[in-house]
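Okay, structure first, notes after.
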């Protein structure tokens, strides 16, 4: 359940109406216009709260910055390699909480993690083809490596059980181990 807030006042910052509220614990919070904290104290703070602060003047400064950032138009072209596919789009901003990029790709808005292989926007078709080819070669080599290791891999859990059995059996020195991996020295 969310905190209970009492409305202090409405303020207009950069053309947006923002409700200023104060919690029972003395925390100041700014909520999107239309969020009625007194009637619905269980409304999720996460989705409606714009910012919080311990002092009113600090909250108002944080709001000015946050709203200025929201109102700026940004268009940073990007190219990204993900799972062997090259994606081209435009970064429009940064998500306030997750810090992911807010993007437009093929006319659709979305988010992209900042982790991954971001490439220069001026990527030529030849460079793109070479990167995709190398990704496929690397993926195939990784699969071959994993298959080769799996073919000779020891079942560590089975080995641990055999070692435990060899060490805890009273006649361990006389018993034959279940696998050739466990050797009991007499």
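Descriptive notes on the structure:
- Filtered residue count, region 1-18, keeping only those that are out of contact with any helix residue (DSSP H, G or I) (no Cβ under 9 Å at 6 or more places or on another chain), closer than 26 Å to residue 72 by Cβ and modelled with pLDDT under 85: 2
- Restricting region 21-32 to residues that are surrounded by 15 or more Cβ atoms within 10 Å (Cβ to Cβ) and touching a helix residue (DSSP H, G or I) at 6+ places or on another chain (Cβ under 7 Å), the residue that is farthest from residue 59 (Cα to Cα): 31
- Failed item, numbered, when residue 63 is tested on (1) at pLDDT below 80; (2) surrounded by 13 or more Cβ atoms within 10 Å (Cβ to Cβ); (3) in contact with a strand residue (DSSP E or B) (Cβ under 8 Å, 6 or more places away or on another chain): (1)
- Qualifying strands (runs of 3 or more DSSP E) (wholly inside region 58-171; at least 3 residues being out of contact with any helix residue (DSSP H, G or I) (no Cβ under 9 Å at 6 or more places or on another chain)): 76-82, 85-94, 101-105, 108-112
- For residue 99, the criteria (1) within 22 Å of residue 51 (Cα to Cα); (2) surrounded by 14 or more Cβ atoms within 10 Å (Cβ to Cβ) hold in every case but one, which is (2).
The values are calculated or read from the model by the stated rules, or taken from the named source; none is laboratory data. Predicted model, so just to flag it, every value in this text is computed and none were measured. Positions of Cβ are backbone-derived with ideal geometry, glycine not excepted, and every protein chain shown enters the neighbour counts.
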